[in-house]
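What follows draws every value from the coordinates through simple rules; no lab data is involved. Note that the structure is predicted; figures quoted are calculated from it, not measured. Every residue, glycine as well, gets a Cβ built from its backbone with ideal geometry; the counts of neighbours run over all protein chains shown.
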Amino acid sequence: MSSSEPILRVEGLSAAWGRDAVLHHLTFEVDPGELFVLLGPNGSGKSTLLRCLAGLESPTAGRILLEGRDISRLPAHRRGVVLMFQDAALFPNRTVYENIAYAPLLQRRSRAEVEDEVRRQVELVGLAGLEDRTPDHLSGGERQRVALARTLAARPRMVLLDEPFASIDPEAKAELRADFRSALRSAGASAIHVTHDRPEGLFLGDRVGLLFDGRLERVGSPHGVFADPGSERAARFLGYNVLSGPEGTVAVDPRDLHVSTDGGGPELSVVAAGTTGGERLVIYRSIDGERVESRGPEEGPLPLTGQRVRANWTRSVSLAPPPQGTAKDAKNRGGLDRT
């Protein structure tokens, strides 16, 4: 395989739980050394996709090619793909050193090679001094670092990360994200990271794919996907307001939304207003039930609940109209969901 060819190619992959289709004809590629992020809400099929790639679930259609070889029917242990779950799943009675050494020992590397591998991984993920601790004496973030080190020590051809920061305290999450990205880069690993956390996905990914209802809707650079979400549901998921203006349906960043008591923009009613630490957040409801947000500096008095205003904006992104018959469903999902 030349360096210009993808390390992973997924072609028309579909999967189901019983009679319920979960994934629908997914096609995408991952380049060598690339961190590809799949972003989507809970229930969109992200974890099912990873389980199919790892060999833990059988697809109903399509192919999975790793370095040009079809691995679709290979058992999990022969694929060269390692899946890291939300739960670190460490061996509870083994030390950090022993957890990381597990795969190299199974691969029958020499004792010197195992020691060198563990030492390198410990430095790579920031675990120096913790080698003799067992998992119950580690923080959640430290356990995830051990899990990543154990994964990389196996020298997989592809790393799959299933929301590895979902249970990590917010104050530790930012540092852990940066360290994971640095460790994967240093190891030269090719990886797919799935998450429903928008900032996390946009920060980590070399490229980002948006997955909704088992369908891959958009793939591109983080900047390109955010700057041009394409559809209403993608815009909502990425944190935009979806509003109707003279130019049609548009996505408006909450930082670009401004309101006044007069003017010709869409009418909004204030639902709640407050501050989030250096930033003002106001939540509105449009006359057709759309949830709308504005964010900006903490200046002046907060608007009162129930106050009616008119929306206007300095910038917007045009959106494609929803497929026929889905407008009501899109509206019922509401506007921005930042939970």
Could you put Ser269, Ser190 in order, starting from the residue whose Cβ has the fewest other Cβ atoms within 10 Å?
-> Ser269, Ser190
Label point 7 Å beyond Cα of Arg155 along Cβ direction - residues of segment 20-56 with amide nitrogen under 17 Å = 33
Take the chain, connect every pair of alpha-carbon atoms lying under 10 Å apart with a spring to form a Gaussian network, then pick out the residue of Ala112, Ala101, Ala189 with the largest mean-square fluctuation.
-> Ala112
Qualifying GluC sites (Glu not before Pro) in segment 206-293, DSSP loop, other Cβ atoms within 10 Å at most 15 | Glu247, Glu279
Furthest towards positive pole of dipole, Leu56, Ala191, Ser318, structure part the chain, Cβ charges = Leu56
Among Pro222, Pro199, Pro164, the residue with the largest mean-square fluctuation in a Gaussian network model of the chain built from Cα contacts under 10 Å is Pro199
Roughly what % antiparallel, to the nearest 5, for the DSSP beta bridges in the chain?
-> 75
Taking the Cβ-Cβ separation of Arg295 and Ala227 as r and a Förster radius of 25 Å, what is the calculated FRET efficiency to the nearest 0.05?
-> 0.90
Taking 0.36 nm per residue of separation between Glu113 and Glu171 and subtracting their Cα-Cα distance, the length gained on full extension comes to 17.3 nm
Radius of gyration, Dmax [segment 1-128; alpha carbons; angstrom] | 17.3, 51
Here, Thr305 and Arg133, labelled 7 Å along Cα→Cβ, have an inter-label distance in nm of 4.4
Work out, step by step, the length gained on full extension between Ala61 and Arg120: first 0.36 nm times the residue separation, then minus their alpha carbon distance; give nm to one decimal.
-> 17.2 nm
Please work out the C-alpha center-to-center distance from segment 258-283 to segment 2-55 and express it in whole Å.
-> 39
So how tilted is helix 170-187 from the main axis of the chain? Cα-based, degrees 0 to 90, rounded to 10.
-> 50
State which stretch of the chain is the longest one without any exposed trypsin sites (Lys or Arg not before Pro), exposure meaning a DSSP loop state and at most 12 other Cβ atoms within 10 Å.
-> 109-314
At a Förster distance of 25 Å, what's the computed FRET efficiency of Ala21 paired with Arg185, Cβ-Cβ distance as r, to 0.05?
-> 0.10
